[in-house]
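The values are calculated or read from the model by the stated rules, or taken from the named source; none is laboratory data. What you see is a predicted model; the values in this text were computed from it and never measured. Cβ sites come from the backbone with ideal geometry, for glycine too, and all protein chains shown count toward neighbours.
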Amino acid sequence: MTKNLEAFDFNEEIKPTKWLVDKLIPLGQIVMCLARSGQGKSYFCENLAVKVICEQPFLGREVKGGDVLLIDQDTDEPTIRMRLIQFGKRNGKPKYKLWLKSQENLTFSSKSIIRCIQEYPDARLVIIDTYHSVLGELDPNSTADSNHIFNMLKADCVSENKTIWINHHLTEKSPLELDDLMFGDSLGKAMGNSAIIQRPDAFFVLCGNMVGGDLKEICIRVWGKRAHIEQKPFMASFEDNEFVYTGNLLTDTDECLSDLRSLFYEHPDEGFKVAQIHEHIGKKHGLLKIYKYLSAMEKNNEVKMERGKSNQFKYFYNLNGNKPQVIVKTWTVEKIAVEKLPEKATN
């Protein structure tokens with residue numbers, strides 16, 4: 001028996017994508033944000049929430065304002081309130097409302113989280129932080145349970161004017177290096193089962209740069225499944241409780257390489273601490289971007305990289321032929337230093 005197959009309709013009218021954040025975060029879709037613990041997921045979505053209720057630009061892009069429902073089962077309520085107040089001080093008087101549901105034991109297994117979302121039909125943005133914390137009795141490794149969750153969200157919660165944003169953890173078993181974030185299967189590192197990365201409509205993958213427990217900058221990669229998102233992987237600094245777009249990670253390579261080479265060549269006999277590197281070129285390019293460019297220099301035989309203990313990286317910069325004179329120890333911001341190498345370390 002022949003199945004009835006629907007032929008492609010060349011006269012179909014394609015509806016333009018609606019945006020919560022212009023050409024970055026689609027409206028009316030489920031967006032999943034992935035990162036390892038402590039990499040800035042909560043900061044990022046809470047900052048976004050404030051931008052939406054204040055209708056202020058986010059990462060330099062226009063925002064469609066509206067009410068926000070923030071459901072957080074991960075962080076204690078006083079900490080969340082403190083952060084939201086700090087974020088709000090930079091954005092003026094809110095035009096819309098923010099509702100906070102903190103540590104209220106809302107779960108998918110009891111459907112209490114679905115009922116909660118339905119109580120706020122006018123919310124433009126619903127944030128769930130984090131996926132694992134609201135499962136209840138459902139199994140995070142069960143494909144059937146995950147499909148059940150996304151079926152409920154799409155049937156009962158998402159609308160053309162409401163975006164659901166879900167924070168979720170990447171596995172801690174293997175570190176997320178920048179190469180994984182930029183080119184590898186970073187979605188495959190998500191905790192749980194395959195449905196978790198098959199059912200959302202768009203993804204944000206974050207790699208934060210923490211110094212002494214404080215977030216300094218973040219690297220972001222975006223995928224869109226139902227909407228075409230042109231944004232390349234990019235950097236954003238976190239300054240004065242504000243995320244500031246600092247440029248695409250994979251552009252301006254020649255300028256950054258030139259700045260690195262100039263810095264080392266101008267000071268061949270002295271060492272550099274991270275504060276000096278940041279002062280000279282870090283504020284311009286971002287330290288995570290500099291790390292990426294040092295990797296590019298290694299491929300060009302200008303830098304020799306060795307992996308030390310605790311996944312730390314060492315860079316040997318060749319100033320005079322094959323004689324390495326400068327070493328950059330680890331890309332962890334608080335530990336970066338550059339110093340002269342002993343003669344016996346030459347190649």
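If you filter segment 227-254 down to residues that are over 28 Å from GLN86 (Cβ atoms) and acidic (Asp, Glu), you find that the one that is modelled with the highest pLDDT is GLU230.
Look at (1) touching a residue at least 60 places away in the same chain (Cβ under 8 Å); (2) on the phi > 0 side of the Ramachandran plot and you find that ARG90 fails only one, number (2). Taken together, the residues in segment 130-155 that are within 27 Å of GLU55 (Cβ to Cβ) and not in a helix (DSSP H, G or I) amount to 1.
Give segment 96-129 a look and list any residue that's part of a loop (DSSP other than H, G, I, E, B) and within 25 Å of GLN56 (Cα to Cα), or say none. Answer for segment 96-129, where residues must be part of a loop (DSSP other than H, G, I, E, B) and within 25 Å of GLN56 (Cα to Cα): TYR96, LYS97, TYR120, PRO121, ASP122. The residues listed here are LEU34, LEU20; of these, the one that is farther than 17 Å from GLY88 by Cβ, buried (at least 24 other Cβ atoms within 10 Å of the Cβ) and modelled with pLDDT of 95 or more is LEU20. Residues in segment 17-38 include at least one that is more than 13 Å from the chain's Cα centre (by Cα), among the β-branched types (Val, Ile, Thr) and assigned to a loop (DSSP other than H, G, I, E, B). Scanning segment 40-57 for residues that are outside any helix (DSSP H, G or I) and surrounded by fewer than 23 Cβ atoms within 10 Å (Cβ to Cβ) yields GLU55, GLN56, PRO57.
Checking each residue of segment 61-73 against the condition of being at pLDDT below 95 and over 27 Å from THR246 (Cα atoms) gives at least one match.
Which pairs do you get when a residue that is of a type in the set (A, V, I, L, M, F, W, C), found in segment 205-218, comes within reach of a residue that is modelled with pLDDT under 80 and surrounded by fewer than 20 Cβ atoms within 10 Å (Cβ to Cβ), reach meaning Cβ atoms under 8 angstrom, with the pair 6+ apart or on two chains? Here the result reads VAL205/LEU187; CYS207/LEU178; VAL211/GLU334, each pair linking segment 205-218 to a residue that is modelled with pLDDT under 80 and surrounded by fewer than 20 Cβ atoms within 10 Å (Cβ to Cβ). Being charged (D, E, K, R), part of a loop (DSSP other than H, G, I, E, B) and either without any contact (Cβ under 8 Å) to a residue 60 or more places away in the chain or crowded, with 16+ Cβ neighbours inside 10 Å (or both): is that true of LYS232 here? Judged against the criteria, LYS232 is a match. Among the numbered conditions (1) out of contact with any Leu (no Cβ under 7 Å at 6 or more places or on another chain); (2) modelled with pLDDT of 95 or more; (3) surrounded by 14 or more Cβ atoms within 10 Å (Cβ to Cβ), the only one that TYR120 does not meet is (1).
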